[in-house]
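Colleague: A single structure is presented below for examination.
The values are calculated or read from the model by the stated rules, or taken from the named source; none is laboratory data. Since the structure is predicted, the reported quantities are computational estimates derived from the model, not experimental observations. A quick note on method: Cβ atoms are made from the backbone with ideal geometry, for glycine too, and the neighbour counts reach across all protein chains shown.
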Amino acid sequence: MRIPDRTRRRSPKKKGNKGCAVAAVFGVIVIILLSAFLFRSCVSGINNALSGIGSNITAQTYPIKYQNLVEKYSKKYDVDKYLVYAVIKAESKFDQYAVSQAGAYGLMQLQTETASDCAKKLDLKVNLPDDLYVPDINIHIGTYYLSWLLDKYEGDISLAIAAYNGGIGNVDSWLKDERYKDGKGGLSDIPFAETKNYVTGVNSAYQKYKELYE
């Protein structure tokens, strides 16, 4: 009698199953890489958008206006143009028709007495105060006056802008006062709160302008 062979025959391996598994793994990897790429692209796009918004806000806060006039007269009188921008920003926020309660006019907030003295030195014929609303005249006289103050105080920007705001007489008086002079030719303190804040504000804006545009 023939004994039946009960040995289980192995089914041949299907090559297709292995290929499908490899393809599936490859597909998952592609999806992961694509997702990572898209995520980075989105993050980069968001960062660029936020950076653009930040740049616009910064440009609005520290604008470059009347560029031709500022560059023209800052070169003529050897004053850093960014200091001129900082003074205009502090004085009038670039409003050519600004008028203060103290009777200062225009972009660089010049008083008629100061403007008249400077105009004579520059041999300029001006109709005051109306001509101080004209950007060319205002920036011309204002930059010259700022240059004159820088020369007077030997290039000390803080002293020059303190005098621009608080007056030459006051600054000269403070420099002789033991309570305010620093012993190095400068001031350790400014007794006028407005002038003290003005000096801080102009110096801060000046540094910011240089950081942004140099």
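Colleague: Does Glu211 fit the bill of being without any contact (Cβ under 8 Å) to a residue 12 or more places away in the chain, exposed (fewer than 15 other Cβ atoms within 10 Å of the Cβ) and not in a helix (DSSP H, G or I)? Show your work before the answer.
Modeller: Values: without any contact (Cβ under 8 Å) to a residue 12 or more places away in the chain: yes; exposed (fewer than 15 other Cβ atoms within 10 Å of the Cβ): yes; not in a helix (DSSP H, G or I): no.
No; evaluated as a whole, the condition is false for this residue.
Colleague: Report yes if Tyr73 is farther than 19 Å from Lys210 by Cβ and within 26 Å of the chain's Cα centre (by Cα), otherwise no.
Modeller: Taking the combined requirement at face value, the residue does not satisfy it.
Colleague: Do we have Ser147 as in contact with a Phe, Trp or Tyr (Cβ under 7 Å, 6 or more places away or on another chain), in the same structural domain as Ser74 (by TED's automatic domain parsing), surrounded by 15 or more Cβ atoms within 10 Å (Cβ to Cβ) and polar (S, T, N, Q) here? Steps first, answer last, please.
Modeller: Working: in contact with a Phe, Trp or Tyr (Cβ under 7 Å, 6 or more places away or on another chain): yes; in the same structural domain as Ser74 (by TED's automatic domain parsing): yes; surrounded by 15 or more Cβ atoms within 10 Å (Cβ to Cβ): yes; polar (S, T, N, Q): yes.
Yes.
Colleague: While we're here: Do you know which residues across segment 164-183 are outside any helix (DSSP H, G or I) and either out of contact with any Pro (no Cβ under 7 Å at 6 or more places or on another chain) or among the acidic types (Asp, Glu) (or both)?
Modeller: Passing the criteria: Gly167, Lys176, Asp177, Glu178, Arg179, Lys181, Asp182, Gly183.
To keep it simple, each residue is scored yes or no on (1) crowded, with 19+ Cβ neighbours inside 10 Å; (2) touching a residue at least 60 places away in the same chain (Cβ under 8 Å); (3) under 22 Å from Asn197 (Cα atoms).
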| residue | (1), (2), (3) |
| --- | --- |
| Asp78 | no, yes, no |
| Glu91 | yes, no, yes |
| Phe94 | no, no, yes |
| Tyr97 | no, no, no |
| Ser116 | no, no, no |
| His140 | yes, yes, no |
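Colleague: Counting only residues that are loosely packed, with under 13 Cβ neighbours inside 10 Å and in contact with a Gly (Cβ under 8 Å, 6 or more places away or on another chain), how many does segment 188-205 have?
Modeller: Number of matching residues: 1.
Colleague: Something else: Can you name the residue in segment 119-133 that is more than 18 Å from Tyr77 (Cβ to Cβ) and part of a loop (DSSP other than H, G, I, E, B) and is also nearest to the chain's Cα centre (by Cα) among such residues?
Modeller: By that ranking, first place goes to Pro129.
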